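Contents: one structure, followed by commentary.
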Amino acid sequence: MKPVLQAIWAGLVRFQKWVMFLSCAAIIIGLFAEVICRYVLRTSIFGMNELVLIPAIWMYFMGASYAAHQGSHISANVLQVYLRSERAKAVLRLMIAVISMILGVIFAYWATYYVMDSVQRGGTTSIFDIPLVIPQSAVVLSFVLMVLYTAVDVAKAARDVRAPQGIPTAVEE
């Protein structure tokens, strides 16, 4: 990979890690404050569930895209256990990556359409009137990142299919 692309790639991953860290910290702080208020001060923080939900959405979706980057997302790839040749396994990985990318593009399109509709309607949260585009944009961004990571998986799998038998070409990151 070229140095500029490596820097962009590393920046994307660093961005995801920071979003996950800050989201997790915001959730922990919010829930801690709610517990202290509820059980020590015998009161409740009005709207805390709404405030905690936004970073939770960001954390979940950035976590999903980060899992796609790491290749640690959930998969039910039982067929690969029964395949004997490396070429057949490479073809299967390519098919899975292509199908995943197609589905990712569809989901990214739907998520983008959903956010654009929300912007046009001016949707806000019920208590604090926070624009819904803030949590919804996490969905769009995560699907776009998943498509990007899956496109890289498609390229690696295609390279493995074209490789001579016994010589793996996929580069570990």
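The values are calculated or read from the model by the stated rules, or taken from the named source; none is laboratory data. Just so it is clear, the model here is predicted, and its values are computed rather than measured. No Cβ is skipped: glycine too gets one built from the backbone with ideal geometry, and neighbour counts run over all protein chains shown.
Listed residues I45, I27, I36; which is under 18 Å from T125 (Cβ atoms) and in a helix (DSSP H, G or I)?
Residue meeting the stated conditions: I27.
What single numbered condition from (1) farther than 25 Å from S137 by Cβ; (2) modelled with pLDDT of 95 or more; (3) surrounded by 13 or more Cβ atoms within 10 Å (Cβ to Cβ) fails to hold for P55?
Of (1) farther than 25 Å from S137 by Cβ; (2) modelled with pLDDT of 95 or more; (3) surrounded by 13 or more Cβ atoms within 10 Å (Cβ to Cβ), only one is false for P55: (1).
Could you grab me the full set of residues in region 112-139 that are surrounded by fewer than 16 Cβ atoms within 10 Å (Cβ to Cβ) and part of a loop (DSSP other than H, G, I, E, B)?
G122, G123, S126, I127, F128, D129
Pairs, please: C-beta under 6 Å, at least 6 apart or cross-chain, first residue within 15 Å of S142 (Cα to Cα) and in region 12-35, second among the hydroxyl-bearing types (S, T, Y)?
Close Cβ pairs satisfying both conditions: Q16/Y66.
Here is a check on your reading of the model: is M20 in contact with a helix residue (DSSP H, G or I) (Cβ under 8 Å, 6 or more places away or on another chain) and closer than 16 Å to L145 by Cα?
yes
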